[in-house]
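A quick write-up on the structure given underneath.
The values are calculated or read from the model by the stated rules, or taken from the named source; none is laboratory data. Computed from a predicted model, the values in this text were never measured in an experiment. A quick note on method: Cβ atoms are made from the backbone with ideal geometry, for glycine too, and the neighbour counts reach across all protein chains shown. The accessibility values were calculated without ligands, DNA or RNA, using every heavy atom of the protein model including side chains. Shrake-Rupley method; radii C 1.70, N 1.55, O 1.52, S 1.80 Å.
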Amino acid sequence: MCKIFSDNKVMNIKEKIRVVPDFPTPGIQFYDITTLFSDAQAFRETIDAMVQIARKFEPDVVVALESRGFFFGPTIAYQLDVPFVPVRKKGKLPYTTYQETYLLEYGSATMEIHTDACSENQKVLIVDDVLATGGSMAAAINLVNHFHPKEIHLLFLMELEALKGRKKLSKYAIDSLLTV
């Protein structure tokens with residue numbers, strides 16, 4: 001967890017996230033961030049904290065994963081005055097793409113990025129809402145690596161420590177605002 005804000009502010013943000021047991025399947029604890037968005041001050045504090053973390057990295061471009069990463073990535077890019085690049089589910093981008101397939105708990109999924117989305121030798125910040133097992137982020141990293149970035153930094157709203165996604169992504173600098 002990043003220590004940019006006081007523990008009280010981080011706790012305020014954490015308290016705004018609803019935990020829904022047994023969703024989408026029994027045994028899963030789903031962290032519903034829509035309740036965070038319904039509190040303007042908590043959402044502002046969240047964005048401010050994530051922007052402060054991102055600013056230290058000095059990215060040339062911000063990439064975010066569909067769909068919940070889109071709540072944070074464009075706003076962070078806007079605040080840093082750098083381009084935003086979406087990583088989308090297969091078939092959602094209108095131009096030629098690089099594709100990456102990754103495993104899910106019950107099958108697989110494919111993500112895409114436009115072939116002209118980034119340039120070589122850029123510092124790339126990749127943003128998503130939750131670091132769980134690291135599978136979708138690893139796929140996004142593979143997509144970004146097509147552009148031969150200078151550096152990749154990962155930023156999450158929250159990290160689910162028990163699922164050990166950080167270990168899978170240990171080659172990269174990782175920041176998460178909250179740890180649960």
Residues of segment 34-76 classified as among the aromatic types (F, W, Y), under 21 Å from M111 (Cβ atoms) and open to solvent by 10 Å² or more (accessible area, probe 1.4 Å), total: 2
Number of the exception - D116 against (1) open to solvent by less than 10 Å² (accessible area, probe 1.4 Å); (2) over 17 Å from the mean Cα position of the chain (by Cα): (1)
Some residue of segment 74-87 being in contact with a helix residue (DSSP H, G or I) (Cβ under 7 Å, 6 or more places away or on another chain), in contact (Cβ under 8 Å) with a residue 40 or more places away in the chain and part of a helix (DSSP H, G or I): yes
Filter pass, L125 being crowded, with 19+ Cβ neighbours inside 10 Å, in contact with an Asp or Glu (Cβ under 6 Å, 6 or more places away or on another chain) and modelled with pLDDT of 95 or more: no
Near pairs, Cβ below 6 angstrom, 6+ apart or cross-chain, from segment 154-180 (in a strand (DSSP E or B)) to any residue that is charged (D, E, K, R): L155/D175; F156/D128; L157/D129; I174/R166; S176/E159; L178/K14; T179/E159; T179/E161
Filter result for I152 (open to solvent by 10 Å² or more (accessible area, probe 1.4 Å) and under 22 Å from T75 (Cα atoms)): yes
All positions within segment 21-33 that are loosely packed, with under 11 Cβ neighbours inside 10 Å and of a type in the set (V, I, T): T25
Odd one out for Y98, checked against (1) farther than 19 Å from L154 by Cβ; (2) part of a strand (DSSP E or B): (1)
Filter pass, I141 being touching a residue at least 12 places away in the same chain (Cβ under 8 Å), open to solvent by 10 Å² or more (accessible area, probe 1.4 Å) and not in a loop (DSSP other than H, G, I, E, B): no
